[in-house]
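One structure is given below, encoded as structure tokens.
The values are calculated or read from the model by the stated rules, or taken from the named source; none is laboratory data. Note that this is a predicted model, so its numbers are computed, not measured. No Cβ is skipped: glycine too gets one built from the backbone with ideal geometry, and neighbour counts run over all protein chains shown.
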Amino acid sequence: MNNNEESKQAILQTLLCIPEGKVCTYGQIATLAGQTGKARYVGFILKNSPNNAALPWHRVINAKGKSAFPDHSQKQQIQFTKLNEEGIEIVNNSISLKKYLWTGN
DNA sequence: GATATGACATGTT
DNA sequence: CAACATGCCATAT
């Protein structure tokens, strides 16, 4: 059974599994959650979730290794700061997927 | 049910 | 490497 409700839960689950010091792309999350192709849905869920929610939204970036938020935006600042605090280095406004991408367990 | 929107991804120029 | 086009998927109107 894969109704929207379960898909949502599966994605939230996967989000909570992203380890500290690692990042993950929207598409990768969808795939790991068994919801291949629903990358956009992942973004939708995060957007609808309160920023205060206990979700590691800051560990989620797009396939280009960049923040999904516009450059210089407040959100991006916060995101980068949080990532830095976890030991993730951000170079030229982008993150090295090669080093920090989480591909599951 | 048709059209528009978005915290995406990928292939082509 | 960057801009553009196309495909995808769940919601909103």
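Values as computed for the structure displayed
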read-out	value
Residues of the stretch A:14-39 classified as in a helix (DSSP H, G or I) and within 8 Å of DNA strand C (Cβ to nearest atom), total	1
Filtered residues of the stretch A:79-105 (kept if over 16 Å from A:Thr25 (Cβ atoms) and in contact with a helix residue (DSSP H, G or I) (Cβ under 7 Å, 6 or more places away or on another chain))	A:Lys82
Matching residues in the stretch A:55-105 - criterion: being in a helix (DSSP H, G or I) and among the basic types (Lys, Arg)	A:Arg59, A:Lys75, A:Lys82, A:Lys98, A:Lys99
Scope the stretch A:23-40; condition surrounded by fewer than 18 Cβ atoms within 10 Å (Cβ to Cβ), in contact with a helix residue (DSSP H, G or I) (Cβ under 7 Å, 6 or more places away or on another chain) and not small (Gly, Ala, Ser); matching residues	A:Thr36
Any hit, the stretch A:76-95, residues being touching a Gly at 6+ places or on another chain (Cβ under 8 Å) and near DNA strand B (Cβ under 10 Å from one of its atoms)	no
Selection status of A:Lys64, more than 16 Å from A:Ser7 (Cβ to Cβ), at pLDDT 95 or above, more than 9 Å from DNA strand B (Cβ to nearest atom) and in contact with a helix residue (DSSP H, G or I) (Cβ under 9 Å, 6 or more places away or on another chain)	no
Long-range neighbours under 6 Å by Cβ, at least six apart or interchain, first residue in contact (Cβ under 8 Å) with a residue 60 or more places away in the chain within the stretch A:71-91, second among the aromatic types (Phe, Trp, Tyr)	A:Ile88/A:Tyr100
Hits in the stretch A:42-65 (condition: closer than 20 Å to A:Thr103 by Cβ and within 12 Å of DNA strand C (Cβ to nearest atom))	A:Val42, A:Gly43, A:Asn62, A:Ala63, A:Lys64, A:Gly65
Extreme residue, farthest from A:Thr81 (Cα to Cα), among residues of the stretch A:14-39 that are in contact (Cβ under 8 Å) with a residue 40 or more places away in the chain and of a type in the set (S, T, N, Q)	A:Gln28
Failed condition for A:Val42, given (1) closer than 18 Å to A:Asn105 by Cβ; (2) in contact (Cβ under 8 Å) with a residue 12 or more places away in the chain; (3) assigned to a helix (DSSP H, G or I); (4) within 13 Å of the chain's Cα centre (by Cα)	(1)
